[in-house]
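Below you'll find the structure, written out as structure tokens, and then a few comments.
Any read-out appearing in this document is the output of simple, stated calculations on the displayed coordinates, not a laboratory observation. As the structure is a prediction and not an experimental result, all values here were calculated from the model. Here the Cβ is made from the backbone with ideal geometry for all residues, glycine too, and neighbour counts use every protein chain on show.
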Amino acid sequence: MGLLKAGINEVIATTSFNAAPMGIHYREGKASMVLFIGCHTAQNIERDGWVVANFIYDPILYVKTAFEDLPREFFVEETINGKKMQRLSDTDAWAAFTATIERKTNDVMMVRLVPEKEIIEDVGLHPVNRGFNSIIDATVHATRYVKNRDPELKKLIDYHSGIVRKCGGKKELEAIEMLGKYIG
């Protein structure tokens, strides 16, 4: 299996008809995730024991899935080793994993991922775009900012918003406007 690269891979993770941007840590051939307790993704992984990583280059979808649920028509059901799993319908590639909780605290749970299947749906070149990358960073900060209104997080969101406005294309600009509405 080769879709994951060393470091933290930003994907849209799907669990039982749920989608959310997540980072998958990949080091020395091992994949894992750190999830906040109480989020739908953590609840579904704890109950079902699987997750699908969707590799997709859509800044709007990253922002949208960070703050709201997608309708069921965004998902495709796959049967992997006898388990029914859902992935996104318009993903470039996807990887299905068995997910096992290795450690759990009051705030987070650490999950080990074992690959079950990988599929490349569409081969496309995505040049490095600082605007897209800053959408990812701004979205990560925004999900924390809406919980605690930390002014330092707002500064980081504003910084990345500036990069998006300077370096992003039409979809990145639309995504940063959407992000602004979500955080108020």
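Under unit Cβ charges (Lys, Arg +1; Asp, Glu -1), what dipole magnitude, rounded to 20 debye, does the chain have relative to its Cα centre?
Details: 24 positive and 25 negative charges, 104 e Å.
For this selection, approximately 500 debye.
Convex hull over the alpha-carbon atoms of segment 81-128: what's its volume per residue in Å³?
Values: hull volume 6.8 nm³, N = 48.
Roughly 141 Å³ of hull volume per residue.
Considering all alpha-carbon pairs of segment 7-120, what whole percent are spaced by more than 16 angstrom?
Across segment 7-120, Cα pairs with separations above 16 Å total 55 percent.
Which residues make up the longest stretch of the chain that has no GluC sites (Glu not before Pro) in a DSSP loop with at most 14 other Cβ atoms within 10 Å? Let's see the in-between values first.
Numbers: sites that count: E28, E68.
Counting at most 14 other Cβ atoms within 10 Å as exposed, the longest clean stretch of the chain is 69-184.
Provide the FRET efficiency to the nearest 0.05 for the K30-I119 pair, computing r from the beta carbons and using R0 = 22 Å. Let's see the in-between values first.
Working: r = 21 Å, r/R0 = 0.96.
Computed FRET efficiency for K30 and I119: 0.55.
With r defined as the distance between the Cβ atoms of R103 and K83 and R0 fixed at 25 Å, what FRET efficiency is calculated, to the nearest 0.05?
Values: r = 23 Å, r/R0 = 0.93.
The value I calculate is 0.60.
How many angstrom lie between the Cα centre of segment 136-167 and the Cα centre of segment 27-44?
Centre-to-centre (Cα) distance: 22 Å.
Find the Cα radius of gyration of segment 41-184, compare it with 2.2 N^0.38 Å by division, and give the number to two decimals.
Working: Rg = 16.7 Å, N = 144, 2.2 N^0.38 = 14.5 Å.
Scaled against compact globular proteins, the figure is 1.15.
Percent of Cα-Cα pairs per 10 Å bin, from 0 to the last occupied bin, for segment 130-183, please list those.
Bin by bin from 0 Å, the calculated values are 30, 57, 12, 0.
Direction-averaged shadow area of the convex hull around the Cα atoms of segment 1-60, nm²? Can you show the working numbers first?
On the way: hull surface 18.1 nm².
Mean orientational projected area (segment 1-60, Cα hull): 4.5 nm².
For segment 130-183, calculate the relative contact order in percent as a whole number, restricting contacts to Cα pairs under 8 Å that are 6 or more residues apart.
Values: 53 pairs, mean separation 25.9, N = 54.
Averaging sequence separation for qualifying contacts and normalising by length gives 48 percent for segment 130-183.
Among the lysines, which fall within straight-line cross-link reach of K104, defined as a Cα-Cα distance under 20 Å, with same-chain neighbours fewer than 8 residues apart omitted?
Result set, ordered by chain and number: K30.
Would you mind getting me the FRET efficiency between V76 and D150? Use the beta-carbon distance for r and R0 = 45 Å, nearest 0.05. Don't skip to the answer; put the middle values down first.
On the way: r = 37 Å, r/R0 = 0.83.
For R0 = 45 Å, the calculated efficiency reads 0.75.
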